[in-house]
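Enquirer: Got a structure here, written out as structure tokens. Questions coming.
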Amino acid sequence: MFDKLSERLQGVVESLRGRGRLTEDNIGETLRQVRMALLEADVALPVVKTLIDGIKARAVGLEIGKSLTPGQTLIKVIHDELIGVLGSGQRPLNLRAQPPVVFLLAGLQGAGKTTTAAKLGKWLKQNERKKVLLASTDIHRPAAILQLQTLANQLELGFFPSDPTKPAATLAREALTEARQSLYDVLIVDTAGRLHIDAEMMAEVQEISAAVSPIETLFVVDSMAGQDAVNAARAFSDALTLTGVILTKADGDARGGAALSVRQVTGQPILFMGTGEKTDALEVFHPERIASRILGMGDVLSLVEDVTNKVDREQAQKLAEKLKKGKGFDLNDLHDQLGQVQNMGGLSALMDKLPAQLAQKAAASQPNEKEIVRQLAIIRSMTPRERTYPNVIDASRRRRIAAGSGLQVSDVNRLLKNFMQMQKMMKSMSKGGLGKLMRGMGGMMGRRPPGF
């Protein structure tokens, strides 16, 4: 996300190296480049003007601290202004009303409302311990009702069986009645979308809103829609009393214009962003962290949260105990570790949260997403004995494994070579190699690290 914008802005601040003071003259060209970077990222023109004016007003005349360069000082100014545009602070969902609390999702067709309804339901169930009922009022596309039912069953959420022959507002009222009678905490109402904005669509969603009086009316928008997202945001904001925004498909958005534009157009905060197709790929939107990502500073806090929430602690503990007892690291363990990376959204999702320089170094030394998929395919083509005792894999077995995974023998050889290196490293750590390493580093620094 924001790859292109981030790359451009990082290049812009490099032009200020060696300057002792930020003046209107020496940042004029820099601000023109920032403006172009924002426009290329599909940021709405009024938002670009607001951002540039804010940066200029704060930056001109600033003295450069002894510990900072002009580029670093300008980055801080841009960072603060980006936070202002994205919305300072992070507002939680309103769950304090009398249950069932109603959330209404609105947006254009293809924005991902139905999937977002399921993701939001899962998030509420896991993080807020709420009993959630999903309901679809999309009478124009019966497949949307079936899609929501399938997702609800998969996630073990409540589902209201909508009858597409009834008016949408009637379905919403019936779903609310069901939510009250069955003591649900939250009712999420999915609405119909259109390929473009029209009077009929707006009238229908207004009737649904009037029927259920939602506590939260959330505008769901495709982050890759660019200026169309801004136009849709303006139309829905005029038709409904929006309370928040959910950005979808943020993982595929290299520009980031919608994120910077929609919040200012609607006047409402971005609460969540969808970062993938999986049902757990929904992140709380933190403006400060997103601003840091845009400027290449990374988002270590979100990375730590991902690891904490998505890594199988029991599995990790078993591996630690296994190594501690001197048992070897085998291909079953490697398979589990690769699976953990995929559960966290893959390497790209992790790299996106690292500072730019670290991400570049890590990308140069680590396998890409396709390589991980290939490695998993190779391991899954092995017998249980081969995974546990890799030394038995001779030439004929390698040919069979390559054929089974649809790859070449050279791919199998490369995996086994990398695995042997990892196995040696794990063995060294289990025998105190890590302690020796830390003691050596402590000696070089003139002291011994505690605990070693």
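Just so it is clear, none of the values below were taken in a lab; they were calculated from the coordinates. Every value quoted in this text rests on a predicted model; they were computed, and no experiment measured them. Reconstructed Cβ throughout: ideal geometry from the backbone, glycine too, with neighbour counts over all protein chains shown.
Enquirer: Quick one: which residues, 5+ away or cross-chain, put their amide H under 5 Å from the amide H of Gly244? H built at 1.01 Å from N.
Expert: When sequence neighbours closer than 5 places are left aside, the close amide H contacts are Thr217, Phe219.
Enquirer: Stretched out fully, how many nm does the piece from Met36 to Glu128 gain, at 0.36 nm a residue minus the Cα gap?
Expert: Taking 0.36 nm per residue and subtracting the Cα distance, the gain is 28.9 nm.
Enquirer: Which whole-number value in Å³ per residue fits the convex hull of the alpha carbons of segment 65-207?
Expert: Normalising the Cα hull of segment 65-207 by residue number yields 165 Å³.
Enquirer: If Lys and Arg each add +1 and Asp and Glu each add -1, what is the summed charge of the other residues whose beta carbon sits under 12 Å from the beta carbon of Gln147?
Expert: With Lys, Arg at +1 and Asp, Glu at -1, the neighbours total 0.
Enquirer: Moving to a separate point now. Whole-Hz ³J(HN,Hα) for each residue in segment 395-405, computed from phi via Karplus 6.51 cos²θ - 1.76 cosθ + 1.60 with θ = phi - 60°, x for glycine and proline: what do you get?
Expert: 4, 5, 5, 4, 5, 5, 5, 4, 5, x, 9
Enquirer: Now, a different point. A 21 angstrom limit on the alpha carbon distance is what I want to check against. Which of Lys49/Lys76; Lys370/Lys424; Lys166/Lys278; Lys131/Lys166; Lys131/Lys249; Lys56/Lys76 exceed it? Numbers along the way, then the final one.
Expert: Values: Lys49/Lys76 19 Å; Lys370/Lys424 25 Å; Lys166/Lys278 31 Å; Lys131/Lys166 26 Å; Lys131/Lys249 26 Å; Lys56/Lys76 13 Å.
Where the Cα-Cα span goes over 21 Å, the pairs concerned are Lys370/Lys424; Lys166/Lys278; Lys131/Lys166; Lys131/Lys249.
Enquirer: Kindly provide the trypsin sites (Lys or Arg not before Pro) of segment 75-161 that DSSP labels as loop, not H, G, I, E or B, and whose Cβ sees at most 10 other Cβ atoms within 10 Å.
Expert: Taking segment 75-161 and a limit of 10 other Cβ atoms within 10 Å, the loop trypsin sites (Lys or Arg not before Pro) found are Arg96, Arg129.
Enquirer: Using DSSP to call loops (not H, G, I, E or B), can you name the GluC sites (Glu not before Pro) in segment 153-223 whose Cβ has at most 16 other Cβ atoms within 10 angstrom?
Expert: In loop regions of segment 153-223 (DSSP not H, G, I, E or B), the sparsely surrounded GluC sites (Glu not before Pro) are Glu156.
Enquirer: Between Ala395 and Lys166, what is the label-point separation in nm under the 7 Å Cα-to-beta-carbon projection?
Expert: 7.2 nm
Enquirer: Next question. Once both labels are modelled 7 Å past Cα along the beta-carbon direction, what's the Met422-Lys76 spacing in nm?
Expert: So the two model labels end up 4.2 nm from each other.
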